[in-house]
Amino acid sequence: MTTNEPQPGPDQRTNPTWLGQIRPEDYRQAPANVGGRFQPALPPGPAPVRDRRSTAGAQGLVLAGGLLAFASLFLVLPFLLASTGVSGFVVGFMASLVPLGTVLLTVRFIDRWEPEPKPLLLFAFAWGALVSIAVTMLIQPYFSLVAGPASGLDYTTFAVTVQAPVVEEFAKSLGLLLLLLFARKDIDGPVDGVVFAFTIAAGFAFTENILYFGRAIADSSDPGTDLAVVFFLRGVMSPFAHAVFTGTTGIIMGFAARRGNNGLAALAFIAGLVPAMLLHSGWNSMGQDFLAQYVFVQVAIFLLAALVIVLLRVAERRLTRQRLREYAAAGWFTAAEVDMLATGSGRRAALRWAKSVGRGAQMKALFDAATRLAFTRQRILSGRDVPARQRDEQHQLAEIAALRAAVVG
């Protein structure tokens with residue numbers, strides 16, 4: 001597994017995209033694999049596996065989130081039942097599963113390259129569906145009391161265009177802030193920020209849709225028609241509305257995660273709320289010319305958001321490939337293996353072969369481990385927490401060695 005390819009230095013192509021820019025003074029060569037063997041120097045004893053997935057901070061966050069979600073249930077569920085009735089709640093719940101599934105399938109597609117830990121995704125969904133709803137219910141009356149008179153707007157206009165965007169985006173994005181503070185090792189950049197933001201927003205929209213769909217049943221003399229209209233507006237025309245709003249916050253906070261300090265995380269939280277609130281307010285402000293604004297403004301915003309996510313995913317793949325090439329130059333992979341691990345076509349071909357010999361799960365684990373290794377190297381080159389990240393790097397190289405052996409057989 002040795003190679004004569006020279007080690008890339010800070011003046012060579014170490015910055016494959018704007019997403020992976022590093023300063024020359026922070027550049028460090030990948031550790032050499034002396035003799036071409038997959039045996040990095042490790043301390044005695046078993047190496048921790050997937051260290052970045054099992055930090056105490058992330059585990060504590062998931063536990064605390066579960067407790068908060070359980071407590072929020074006692075506030076949110078009675079409110080929903082009082083607003084919709086039992087039959088309205090049941091119908092609203094079932095109807096809300098459709099837009100929820102649409103958004104979560106999109107999240108899964110975006111998250112394919114470097115999947116996030118399922119416990120953290122569950123935390124994000126529970127935060128959106130229960131905790132952020134409870135926070136919104138608790139804060140709204142005080143916000144209205146303080147800011148309402150100062151706005152000079154009538155109550156309805158204030159509630160729709162100011163109160164809802166400000167309070168709801170704040171409540172949703174609090175979950176992102178907690179993830180950035182306590183599970184930063186699992187947020188590698190803006191794509192991860194989008195994944196967690198979309199998951200939180202999907203949960204929030206799910207509960208909100210239960211309310212709107214349920215009210216269409218409970219408060220109408222023609223519930224079938226009213227439910228169809230509300231479902232078309234919220235479930236067909238705008239299933240991604242909340243995702244796009246909160247996704248802007250997620251992108252900004254994802255970039256902040258690369259620098260790794262709590263002060264920057266707080267600033268990113270504040271900065272990310274601004275576009276989210278403005279987009280939310282713009283959506284709620286559409287009036288008599290709703291259809292024209294929807295087609296020419298909101299659809300354009302959605303398409304722009306989709307384009308940004310595509311560009312982020314392309315940049316993430318290029319970054320993965322470049323960092324793995326640096327390990328190949330140090331003797332850890334061949335050029336063919338880098339193509340296999342860091343390109344979509346390479347992964348598909350490798351997975352087909354692995355499944356044909358009964359090693360599909362091992363191959364998928366190797367993909368995940370290689371991607372994590374690439375992002376660990378990016379963290380090392382960013383100059384933050386270098387000794388700790390280099391220890392992670394050694395353990396990840398050992399993990400890849402074991403997974404590679406399992407795949408090869």
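On the stretch given as segment 59-97, residues that are exposed (fewer than 13 other Cβ atoms within 10 Å of the Cβ) and touching a helix residue (DSSP H, G or I) at 6+ places or on another chain (Cβ under 7 Å) total 2. Screening segment 189-224 for residues that are open to solvent by 10 Å² or more (accessible area, probe 1.4 Å) and either among the charged types (D, E, K, R) or in contact with a strand residue (DSSP E or B) (Cβ under 6 Å, 6 or more places away or on another chain) (or both) and picking the one that is nearest to residue 251 (Cα to Cα) gives 208. Taken together, 256, 276 contain a single residue that is crowded, with 22+ Cβ neighbours inside 10 Å and at pLDDT below 95, which is 256.
Among the residues of segment 225-236, those that are surrounded by fewer than 18 Cβ atoms within 10 Å (Cβ to Cβ) and not aromatic (Phe, Trp, Tyr) comprise 225, 226, 228, 229, 233, 236. Among all residues of segment 125-134, there is none that is surrounded by fewer than 18 Cβ atoms within 10 Å (Cβ to Cβ) and assigned to a helix (DSSP H, G or I).
Of the numbered criteria (1) in a loop (DSSP other than H, G, I, E, B); (2) open to solvent by 40 Å² or more (accessible area, probe 1.4 Å); (3) touching a residue at least 40 places away in the same chain (Cβ under 8 Å), the one residue 239 fails is (2).
A search for C-beta distances below 9 Å between a residue of segment 74-94 that is within 10 Å of residue 216 (Cα to Cα) and any residue that is open to solvent by 80 Å² or more (accessible area, probe 1.4 Å) and not in a helix (DSSP H, G or I), counting only pairs 6+ apart in sequence or on different chains, returns 84/219; 88/219. Among the residues of segment 107-120, those identified as open to solvent by less than 40 Å² (accessible area, probe 1.4 Å) and part of a helix (DSSP H, G or I) are 107, 110, 120. Just to be sure before I move on: is residue 249 at negative phi, among the polar types (S, T, N, Q), part of a helix (DSSP H, G or I) and open to solvent by less than 10 Å² (accessible area, probe 1.4 Å) in the structure I sent? Taking the combined requirement at face value, the residue satisfies it.
Would you say residue 56 is open to solvent by 20 Å² or more (accessible area, probe 1.4 Å), on the phi < 0 side of the Ramachandran plot and at pLDDT below 95? Spelling it out, residue 56 is indeed open to solvent by 20 Å² or more (accessible area, probe 1.4 Å), on the phi < 0 side of the Ramachandran plot and at pLDDT below 95. Answer yes or no as to whether residue 307 is in a helix (DSSP H, G or I) and within 19 Å of the chain's Cα centre (by Cα). Spelling it out, residue 307 is indeed in a helix (DSSP H, G or I) and within 19 Å of the chain's Cα centre (by Cα). Restricting attention to segment 324-355, the residues being surrounded by fewer than 16 Cβ atoms within 10 Å (Cβ to Cβ) and more than 28 Å from residue 381 (Cα to Cα) number 5. Candidates 159, 183: the one that is more than 20 Å from residue 264 (Cβ to Cβ) and either of a type outside the set (D, E, K, R) or touching a Leu at 6+ places or on another chain (Cβ under 7 Å) (or both) is 159. For segment 383-396, the criterion of being modelled with pLDDT under 90, crowded, with 16+ Cβ neighbours inside 10 Å and assigned to a helix (DSSP H, G or I) is met by at least one residue.
The values are calculated or read from the model by the stated rules, or taken from the named source; none is laboratory data. Because the structure is predicted, anything quoted here is derived from the model rather than measured. All Cβ positions, glycine included, derive from the backbone under ideal geometry; neighbour counts span all protein chains shown. In case anyone asks, the SASA skips ligands and DNA or RNA and just uses the protein heavy atoms, side chains included. Shrake-Rupley method; radii C 1.70, N 1.55, O 1.52, S 1.80 Å.
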